[in-house]
Amino acid sequence: MPRRGTDSDSTWDGAGVVITGAAQGIGAAYADRLAAEGARLVLADLKPEGLRSVAERTNAIAVQGDCSTSEGIRQLVDRATEHLGDIDVWIGNAGVDAGQGLHADEASWDLSWQVNVLAHARAARLLIPRWLERGSGRFIVTASAAGLLTVLGSPTYAVTKHGAVAYAEWLAATYGAHGIKVHAVCPQGVQTDMLAGIDEAAAAIISADGALQPSDVAQALVDAVERETFLVLPHPQVADYYRYRATHTDKWLSGMQSLQAKLDAARPLTDR
Ligand SMILES: NC(=O)c1ccc[n+]([C@@H]2O[C@H](COP(=O)([O-])OP(=O)(O)OC[C@H]3O[C@@H](n4cnc5c(N)ncnc54)[C@H](O)[C@@H]3O)[C@@H](O)[C@H]2O)c1
């Protein structure tokens, strides 16, 4: 989607890009990287302060609000369309890790479902009809390696990130032949507030292959878009784990149980 009136063939140069959850962490790194690639950005988040400073340094419009509700997404799409003319790329990056273990409560399940899954469906419902009309559009979901594998400790996160990958896959299967490109970004540990918020033993397991910087995830996204691959795997080992899980499911589960055993000393069974 080159800038109108130029002959650039870069995906990003001049493209109108919306990024949710852009006040910090991975979303802010996408903003920095894509601004450097020449994208025109609309950034959204619940948090006004971080959002303002990322928007200032990337010359973006900031839209503060909830990027999971139907109303919040409609307002964001309207503001972005007004500013960009047309939205070329949507990056649904806002995510939550809410609720731990067996006793994760109803509110945590609901929040995880709204932000990690339904937000993508609500955005796609507004964007895809216009993209089908014009024959192009790119929908990017920041899911997680937890959406391809699992994650110890948080069933709400594991289940809803599987939902995020499944929704992206469904979009790709349904609209890929009509010019709609879809990517699911599936990192393991990335050094952000989200990783800092989980307990030390679980963070060590998630980060066993190295906790990346948010800028590494942005680089992986740019690379995957250039290669046009659906899965964006900033930790390449995840491809091996994903294959192993599919072909040796019981052995893979035994491996997960061994990792869980490392957490067991610290937590009673009923907390899991
Ligand atoms: N950090 C990791 O290890 C890791 C690994 C895999 C996937 N992810 C995913 O990457 C994405 C970004 O996470 P991060 O690590 O940068 O975390 P983060 O907590 O630093 O940033 C998430 C941002 O999303 C915003 N947000 C949350 N709910 C929102 C809502 N309803 N509306 C608007 N904004 C909202 C938050 O305010 C925050 O600024 C998430 O989807 C997360 O699940 C993170």
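The values are calculated or read from the model by the stated rules, or taken from the named source; none is laboratory data. All values derive from a computational prediction rather than experimental measurement. For neighbour counting, all protein chains shown are included, and Cβ atoms are generated from backbone atoms with ideal geometry for every residue, glycine included. In case anyone asks, the SASA skips ligands and DNA or RNA and just uses the protein heavy atoms, side chains included. Shrake-Rupley method; radii C 1.70, N 1.55, O 1.52, S 1.80 Å.
Given the criteria farther than 30 Å from S136 by Cα, assigned to a helix (DSSP H, G or I) and at pLDDT 95 or above, does W109 qualify? So W109 fits the description; yes.
Of all the residues in the stretch 59-74, those that are among the polar types (S, T, N, Q) and in a strand (DSSP E or B) number 1.
So which residues in the stretch 48-74 are out of contact with any strand residue (DSSP E or B) (no Cβ under 8 Å at 6 or more places or on another chain), at pLDDT 95 or above and charged (D, E, K, R), if there are any at all? E56, R57, D66, E71, R74 - these are the residues of the stretch 48-74 that are out of contact with any strand residue (DSSP E or B) (no Cβ under 8 Å at 6 or more places or on another chain), at pLDDT 95 or above and charged (D, E, K, R). Only a single item in (1) among the aliphatic types (A, V, I, L, M); (2) open to solvent by less than 50 Å² (accessible area, probe 1.4 Å); (3) within 16 Å of the ligand (Cβ to nearest atom) is not met by L111, and it is number (2). On the given criteria, is A94 in contact (Cβ under 8 Å) with a residue 60 or more places away in the chain, within 10 Å of the ligand (Cβ to nearest atom) and either farther than 19 Å from V232 by Cα or under 17 Å from the mean Cα position of the chain (by Cα) (or both)? Yes, satisfied. With a requirement of 3 or more residues that are crowded, with 19+ Cβ neighbours inside 10 Å and out of contact with any Leu (no Cβ under 8 Å at 6 or more places or on another chain), the helices (runs of 4 or more DSSP H) lying completely within the stretch 176-263 that satisfy it span 214-227. Only residues that are touching a residue at least 60 places away in the same chain (Cβ under 8 Å) and not small (G, A, S) were counted across the stretch 212-230, and they come to 9. The residues of the stretch 160-175 that are open to solvent by less than 70 Å² (accessible area, probe 1.4 Å) and either touching a residue at least 24 places away in the same chain (Cβ under 8 Å) or within 10 Å of the ligand (Cβ to nearest atom) (or both), listed by number, are T160, K161, G163, A164, V165, Y167, A168, L171, A172, Y175. For A29, the criteria (1) closer than 27 Å to L233 by Cβ; (2) within 10 Å of the ligand (Cβ to nearest atom); (3) without any contact (Cβ under 8 Å) to a residue 24 or more places away in the chain hold in every case but one, which is (3). Of the residues making up the stretch 132-159, those that are within 12 Å of the ligand (Cβ to nearest atom), under 12 Å from the mean Cα position of the chain (by Cα) and either assigned to a helix (DSSP H, G or I) or aromatic (F, W, Y) (or both) are A145, A146, G147. Does A121 count as more than 10 Å from the ligand (Cβ to nearest atom) and hydrophobic (A, V, I, L, M, F, W, C)? Judged against the criteria, A121 is a match. Would you tally the residues in the stretch 47-91 being of a type in the set (V, I, T), open to solvent by 20 Å² or more (accessible area, probe 1.4 Å) and near the ligand (Cβ under 10 Å from one of its atoms)? So the count comes out to 1. Number of residues in the stretch 32-46 that are among the aliphatic types (A, V, I, L, M), open to solvent by 10 Å² or more (accessible area, probe 1.4 Å) and within 9 Å of the ligand (Cβ to nearest atom) equals 1.
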